[in-house]
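Only the coordinates and a few stated rules stand behind these numbers; no lab work does. In this text the structure is predicted, and so the values were computed from the model without any measurement. Glycine gets a Cβ as well: all are built from the backbone with ideal geometry, and neighbour counts include every protein chain shown.
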Ligand code: AP5
């Protein structure tokens, strides 16, 4: 047993905060309140004078009550408060050009989550000419979903990094089918929240064809809605699948798969009107993340 004063910073009292995707769980701890004037069985109060950390339980405590991953440990006669504020795990989904990447930039800046974009991982694999990239290319060129055999391992590996576990993650564009959702569920990977950006189809094609990317900073622009500074225009690039024809197919593919994915996360889903200024969309997302 280790004792900490009430003034001990949480980070010091619970140094081994670790997120785990593989079903083992975040490390939980039991903070059992004891009063200096009463026996250890005293009921916990918010003004507790000291904590006794049941370190042997090897579990973690943080700011919020949470029983997502593991049952509350038994406290052998004492009332235990299981508190958890593990790293945040966010999924963001939506049609092509619904604003996932744009919102991810803002979320990463504010919350420091590790951004894992399935599309970016695939484009990097195509560029590097890996076997998965070579296989994915023809599907991406058409705007079709690439086979699970290409994308699932990439995403699972990206989530299985110390940074993603410690800082939390923001998974963008994955899963896009029921089988992809099942594949990560088998690895114990579950989000805390599933954000679905909703934008009418007629707006999406215009967003796709006007999109430009800055290869130096990775920033996303739109020639009308989010114009780039004049001095970088010449270096901007356009994605090869950002044509009207390919956008129409990507949209069709999205509509034929989205319900199956939403069905997997119905209890965690937040539908967000993405047809507003990006700052308004972001404000709503912040409200959701802040409450997690
Ligand atoms: P991916 O790269 O994920 O493309 P996508 O899903 O089609 O989404 P986009 O990146 O096009 O759009 P976005 O929602 O990020 O919008 P953005 O913020 O850039 O996937 C590409 C391909 O890879 C797929 O087609 C598939 O082949 C393959 N793939 C990927 N994941 C896969 C998976 N899991 N399984 C199988 N295959 C997979 O915004 C778009 C534009 O709109 C920008 O110009 C932006 O400035 C502008 N904009 C953003 N927000 C607003 C706003 N609020 N108002 C006005 N304009 C805005």
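The table below gives the values:
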quantity: Residue selected from the range 263-278 under the condition in a helix (DSSP H, G or I) and touching a residue at least 40 places away in the same chain (Cβ under 8 Å), by the criterion nearest to the chain's Cα centre (by Cα); calculated: 268
quantity: Hits in the range 125-166 (condition: over 22 Å from residue 254 (Cα atoms) and surrounded by fewer than 17 Cβ atoms within 10 Å (Cβ to Cβ)); calculated: 127, 128, 129, 130, 131, 134, 157, 160, 161, 162, 163, 166
quantity: Tally of residues being within 10 Å of the ligand (Cβ to nearest atom) and within 20 Å of the chain's Cα centre (by Cα) across the range 136-178; calculated: 12
quantity: Condition check for residue 122: more than 26 Å from residue 280 (Cβ to Cβ) and either crowded, with 19+ Cβ neighbours inside 10 Å or touching a strand residue (DSSP E or B) at 6+ places or on another chain (Cβ under 6 Å) (or both); calculated: yes
quantity: Subset of the range 89-117 (residues that are in a helix (DSSP H, G or I) and touching a residue at least 24 places away in the same chain (Cβ under 8 Å)); calculated: 100, 101, 102, 103, 104, 105, 106, 107, 108, 110, 111
quantity: All positions within the range 183-199 that are touching a residue at least 12 places away in the same chain (Cβ under 8 Å) and more than 12 Å from the ligand (Cβ to nearest atom); calculated: 185, 187, 188, 189, 190, 191, 192, 193, 194
quantity: Hits in the range 184-208 (condition: surrounded by fewer than 17 Cβ atoms within 10 Å (Cβ to Cβ) and more than 23 Å from residue 109 (Cα to Cα)); calculated: 185, 186, 187, 188, 200, 201, 202, 203, 206
quantity: Among residues of the range 239-262, those that are loosely packed, with under 14 Cβ neighbours inside 10 Å and in a helix (DSSP H, G or I), counted; calculated: 6
quantity: Condition check for residue 178: crowded, with 19+ Cβ neighbours inside 10 Å and in contact (Cβ under 8 Å) with a residue 40 or more places away in the chain; calculated: no
